[in-house]
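Notes for the one structure printed next.
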Amino acid sequence: MTGETHRTIREQLGAYALGQLDGDRWHAVHDHLAGCAACRADLEEIAPVAGLLGGARDRLGDLDPGPPPPPLPDALIAEVRATAPAPRPRRPRRVLLAAAAAGVLVAGGAGYAVGTTAGQGPREPVAVRALDPAVRASADLVPHTWGMEVVLTATGFAPGTAYVVTVTDDAGRVVGAGEFLGTGAAEMRCNLNSSVLRADASLVQVTAPDGQVVLDASV
């Protein structure tokens, strides 16, 4: 017997247990059961349920269900719809993801906001020098095997202005550490990443779009 025939027989076991098969179909299932232990086991599980269903069918057969209930008036349906609370619109997943990203990313480069830190090592406070009198800032360094992280907390950077952060190593090589947007009087916290190792770093600088250094720290 092919697998397709075996599957067809198994699908008919319920009808067989309920006595709904006749003629050739009944004989086909009956003969198959004689040589198929798996189907016999299935039938043993089905038989008790089939007995309950058969008894319920016999009892319901004597009941007169009567005519179907009349349909609800259109006016009643309209009233229910009018008083039902409106479903809350679901925000698209893309919007939710964008909102979450907006709370993390500052602007371009490798800057991360809202005080999140990818650092696992100890934070080392460093003294910063603000060359713009409006800027108030502090900074911590976090050493990594891949480089160094600069955790910058500040106010006073011009709102919406993009600033570039660089790290200079002991050999005088200047390496980018990301960018951020100024937030004015609102405090910002950025995590900026550089490939310069902490042991090789000597200077961190923040530069305005006109090329002027507005903040630095000898490290």
**Request:** Could you check, for region 175-182, whether at least one of its residues is part of a strand (DSSP E or B), without any contact (Cβ under 8 Å) to a residue 60 or more places away in the chain and out of contact with any Lys or Arg (no Cβ under 9 Å at 6 or more places or on another chain)?
**Result:** yes
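If only one of VAL151, VAL164 is in contact with an Asp or Glu (Cβ under 6 Å, 6 or more places away or on another chain) and either under 20 Å from GLN212 (Cα atoms) or in a loop (DSSP other than H, G, I, E, B) (or both), which one is it?
Working: VAL151 fails: either under 20 Å from GLN212 (Cα atoms) or in a loop (DSSP other than H, G, I, E, B) (or both).
Answer to the check: VAL164.
Tally the residues that are surrounded by 14 or more Cβ atoms within 10 Å (Cβ to Cβ), assigned to a helix (DSSP H, G or I) and either in contact with a Ser or Thr (Cβ under 8 Å, 6 or more places away or on another chain) or at pLDDT below 80 (or both), restricting the search to region 7-31.
Here is the first cut: in region 7-31, the ones surrounded by 14 or more Cβ atoms within 10 Å (Cβ to Cβ) are 8-10, 12-18, 21, 25-26, 28-29.
From what's left, assigned to a helix (DSSP H, G or I): 8-10, 13-17, 25-26, 28-29.
Narrowing the set further to residues that are either in contact with a Ser or Thr (Cβ under 8 Å, 6 or more places away or on another chain) or at pLDDT below 80 (or both) leaves 9-10, 13-17, 29.
The total comes to 8.
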**Complete:** Filtering region 32-44 for residues that are in a helix (DSSP H, G or I), in contact (Cβ under 8 Å) with a residue 12 or more places away in the chain and of a type outside the set (A, V, I, L, M) leaves a count of 3
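Residues in region 176-203 that are of a type in the set (Val, Ile, Thr) and either open to solvent by 20 Å² or more (accessible area, probe 1.4 Å) or in contact with a helix residue (DSSP H, G or I) (Cβ under 9 Å, 6 or more places away or on another chain) (or both): how many? Steps first, please.
The initial filter retains those residues of region 176-203 that are of a type in the set (Val, Ile, Thr), namely 183, 196.
Next, only the ones that are either open to solvent by 20 Å² or more (accessible area, probe 1.4 Å) or in contact with a helix residue (DSSP H, G or I) (Cβ under 9 Å, 6 or more places away or on another chain) (or both) stay: 183.
Result for region 176-203: 1.
The values are calculated or read from the model by the stated rules, or taken from the named source; none is laboratory data. It should be emphasised that the depicted structure is a prediction, and the values quoted were computed from it without experimental measurement. Reconstructed Cβ throughout: ideal geometry from the backbone, glycine too, with neighbour counts over all protein chains shown. For accessibility, only protein heavy atoms count, side chains too; no ligands or nucleic acids. Shrake-Rupley method; radii C 1.70, N 1.55, O 1.52, S 1.80 Å.
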